[in-house]
Amino acid sequence: MSFDFALIATSLPKILQGLGLTLNLLVVSTLLGLLLAVGILLMRLSQHAWLVWPAKAYIYFFRGTPLLVQLFIIYYGLPQFGLLRHSFLWPLLREPYWCSVIALALNTAAYVSEILRGGVLGVDKGLIEAGKALGLTKFQRASRITTPLAVRLALPAYSNEIVSMLKSTALASTVTLMEMTGVARTIVADTFAPYEIFIAATIIYLVLVWFIQTAFTLIEGYANRHVRKG
Amino acid sequence: MTGIVDLEQVNKFYGDYHALRNVDLSVAKGEKVVVCGPSGSGKSTMIRCINRLEEHDSGRIVVDGKELTDDESKIESVRREVGMVFQAFNLFPHMTVLQNLTLAPRLVHKKPRGEAEEAAMKYLTRVRIHDQANKYPSQLSGGQQQRVAIARALCMNPEVMLFDEPTSALDPEMISEVLDVMTDLAREGMTMICVTHEMGFARSVADRIVFMDNGEIIETSTPADFFAAPKTERARTFLGQILAH
Ligand SMILES: Nc1ncnc2c1ncn2[C@@H]1O[C@H](COP(=O)(O)OP(=O)(O)O)[C@@H](O)[C@H]1O
Ligand SMILES: [Mg+2]
């Protein structure tokens, strides 16, 4: 069997037709996941056991099971419930796109809330006390001191999570979505050349990861400008 | 007992540990009190109770007529009148010096930015550091950071200033620049409660020295009496150790 470099070149533009959907899945589920993560974080950090407990259970469930299984449960499992088929959610749960977005968002929310919690716990207690001593309210301390510093601490881990999310979007191909991996799989079915086609896909993923990492390096550099000596 | 800060029979526990035992202290307006005593004797715990960074378990703490209880709004109003300087400076690292100084006046006193910055520059000049206004804390020396922290507290126009070992984290050559600023502040009539082992400063600035051991105030004297003839054996031992350095 010979390796066909030309096939890589010709399949690249075809696979790129799935780029829009890949990025769409990434951006939409990352943003929804972030919103959800903040809510779970607030519950997790609360003083009330009845808020902490469900947050812990949520995090345990979504970090403790494979994303692919979560996606299948949403895509194949939920429609079994008659109740859901008659609910306002049904138009969403019927769509492979929304099933994928929901699975990705629910999953990343669990990780991101823990990443953010790590940031919050890393904020120097002395700074919070300084805020108290200056008479800042709880909300002012949270918004001006804890949040900006926690976000800075969480950035490196958060950039890893975005990279991880990019790779996870490939799972959407298992529920018929034609994002990049989905496109690659159809080309493979036509050409019987999995090697070349998936290498072409690999190249595109690596380029995307490079962009994500570079963007975060710049963001971290800006956010940590106060750390530089000079 | 009607000073600007009054502690009456204050007790504080950390779990089973009795950290403050029946502490009585009344500080008059304009008075400068130096608190000293061995490590772990409860000095920090006592002054942190005055602005409710720690909650006392029994007794009364009244600051400028306001008793500290669970009432959040009273706690906030006491904190607005009481400035605090910490051993570890605790400047907000993500803000410039000027932003550190204007944050609370703008948020708490609702001062417009221009006015807050003008006041901030005035205090930075007083602590002799106005040329560093746009730097970040990490770009300053320890002594400079502590002077910024003092200026930050002063920007709130406090009635009382609390200092918790403000020079203990500093390299020796920076101690005097911070003590000089504190001495100026004392001369201007600020009410000060200061935990420190800088006995030279205590001698020249304090109206009273409070000696603590094991969660108790066991001696209160003028500096002259305290240094010349400590009343208790424990204070004598402590002074012997401190002055031996
Ligand atoms: N948050 C805390 N939890 C438990 N014990 C504490 C806490 N803070 C202080 N202590 C204990 O209380 C005692 C007094 O501490 P502190 O007021 O910091 O002493 P000092 O400032 O005189 O060195 C010490 O024995 C210390 O270990
Ligand atoms: Mg202490």
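Readers should treat all values here as calculations from the given coordinates under stated rules, not as data from a laboratory. Everything quoted here is computed from the prediction, not taken from an experiment. Backbone-built Cβ (ideal geometry, glycine too); neighbour counts: all protein chains shown.
Restricting the search to segment B:92-119, which residues are among the β-branched types (Val, Ile, Thr) and more than 9 Å from chain A (Cβ to nearest Cβ)?
Those that are among the β-branched types (Val, Ile, Thr) and more than 9 Å from chain A (Cβ to nearest Cβ): B:Val97, B:Thr102.
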Query raised in the report: Within segment A:93-112, is there a residue that is over 22 Å from A:Val175 (Cβ atoms) and away from chain B (no Cβ under 11 Å)?
Result: yes
Report task. Using the structure shown, decide if B:Ser73 is out of contact with any helix residue (DSSP H, G or I) (no Cβ under 8 Å at 6 or more places or on another chain), within 16 Å of ligand 1 (Cβ to nearest atom) and not acidic (Asp, Glu). Result -> no
Requested in this report: Quickly run through segment B:166-176 and pick out the residues that are surrounded by 19 or more Cβ atoms within 10 Å (Cβ to Cβ) and either within 20 Å of B:Arg48 (Cβ to Cβ) or among the charged types (D, E, K, R) (or both).
Outcome: B:Pro166, B:Thr167
Query raised in the report: Would it be correct to say that B:Val27 is more than 14 Å from chain A (Cβ to nearest Cβ), within 24 Å of B:Gly215 (Cβ to Cβ), touching a residue at least 40 places away in the same chain (Cβ under 8 Å) and touching a Lys or Arg at 6+ places or on another chain (Cβ under 8 Å)?
Result: no
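Within segment B:170-219, how many residues turn out to be closer than 18 Å to B:Val82 by Cβ and in contact with a Phe, Trp or Tyr (Cβ under 8 Å, 6 or more places away or on another chain)?
6
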Report summary line: Note: among A:Ala109, A:Ala130, just one is in contact with a Phe, Trp or Tyr (Cβ under 8 Å, 6 or more places away or on another chain) and under 30 Å from B:Val148 (Cβ atoms), namely A:Ala130
Query raised in the report: Within segment B:178-188, is even one residue of a type outside the set (Lys, Arg), within 16 Å of ligand 1 (Cβ to nearest atom) and either more than 14 Å from every other protein chain (Cβ to nearest Cβ) or within 27 Å of B:Glu115 (Cα to Cα) (or both)?
Result: no
Report task. Report the residue count in segment B:161-176 for those that are hydroxyl-bearing (Ser, Thr, Tyr) and within 12 Å of ligand 2 (Cβ to nearest atom). Result -> 1
Requested in this report: For segment B:2-19, state whether one or more residues are loosely packed, with under 15 Cβ neighbours inside 10 Å, free of Cβ contacts under 8 Å to residues at least 40 places away in the same chain, within 10 Å of chain A (Cβ to nearest Cβ) and away from ligand 1 (no atom under 14 Å from the Cβ).
Outcome: no
Requested in this report: Restrict the check to segment A:177-185 and report whether at least one residue is loosely packed, with under 15 Cβ neighbours inside 10 Å and out of contact with any Lys or Arg (no Cβ under 9 Å at 6 or more places or on another chain).
Outcome: no
Query raised in the report: In the set B:Val205, B:Val210, B:Val195, which member is over 18 Å from B:Arg48 (Cβ atoms), away from every other protein chain (no Cβ under 14 Å) and either in contact with an Asp or Glu (Cβ under 9 Å, 6 or more places away or on another chain) or away from ligand 1 (no atom under 16 Å from the Cβ) (or both)?
Result: B:Val205
Query - Given (1) over 23 Å from B:Glu8 (Cβ atoms); (2) facing another protein chain (nearest Cβ under 8 Å), index of the condition B:Gln87 fails - result: (2)
Query - All positions within segment B:5-45 that are basic (Lys, Arg), within 16 Å of ligand 2 (Cβ to nearest atom) and part of a strand (DSSP E or B) - result: B:Lys12
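Output the helices (runs of 4 or more DSSP H) that fall wholly within segment A:65-142 and possess 3 or more residues being under 22 Å from the mean Cα position of the chain (by Cα), or say none. Lay out the reasoning, then the answer.
Values: elements: A:67-72, A:82-85, A:90-93, A:96-122, A:125-133, A:138-141.
Passing ranges, in order: A:67-72, A:96-122.
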Query raised in the report: Got a number for residues in segment B:82-124 being within 29 Å of B:Leu170 (Cα to Cα) and not in a helix (DSSP H, G or I)?
Result: 15
Report task. Identify all residues within segment B:20-69 that are over 19 Å from the mean Cα position of the chain (by Cα) and of a type in the set (Gly, Ala, Ser); write none if there are none. Result -> B:Ser58, B:Gly59, B:Gly65
Requested in this report: State all residues of segment B:87-120 that are hydroxyl-bearing (Ser, Thr, Tyr) and surrounded by fewer than 22 Cβ atoms within 10 Å (Cβ to Cβ); if no residue qualifies, say none.
Outcome: B:Thr96
Report task. Please specify each residue of segment B:127-168 satisfying the condition of being within 11 Å of chain A (Cβ to nearest Cβ), in a helix (DSSP H, G or I) and of a type in the set (D, E, K, R). Result -> B:Arg152
Report task. Name every residue in segment B:51-70 that is within 16 Å of ligand 1 (Cβ to nearest atom) and part of a loop (DSSP other than H, G, I, E, B), in order of residue number. Result -> B:Asn51, B:Arg52, B:Leu53, B:Glu54, B:Glu55, B:His56, B:Asp57
Query raised in the report: Pick from B:Arg48, B:Arg79: which is at the interface with another protein chain (Cβ under 10 Å from one of its Cβ atoms), touching a Gly at 6+ places or on another chain (Cβ under 9 Å), charged (D, E, K, R) and not in a loop (DSSP other than H, G, I, E, B)?
Result: B:Arg79
Query - segment B:46-85, subset among the β-branched types (Val, Ile, Thr) and touching a Phe, Trp or Tyr at 6+ places or on another chain (Cβ under 9 Å), residue surrounded by the fewest Cβ atoms within 10 Å (Cβ to Cβ) - result: B:Ile47
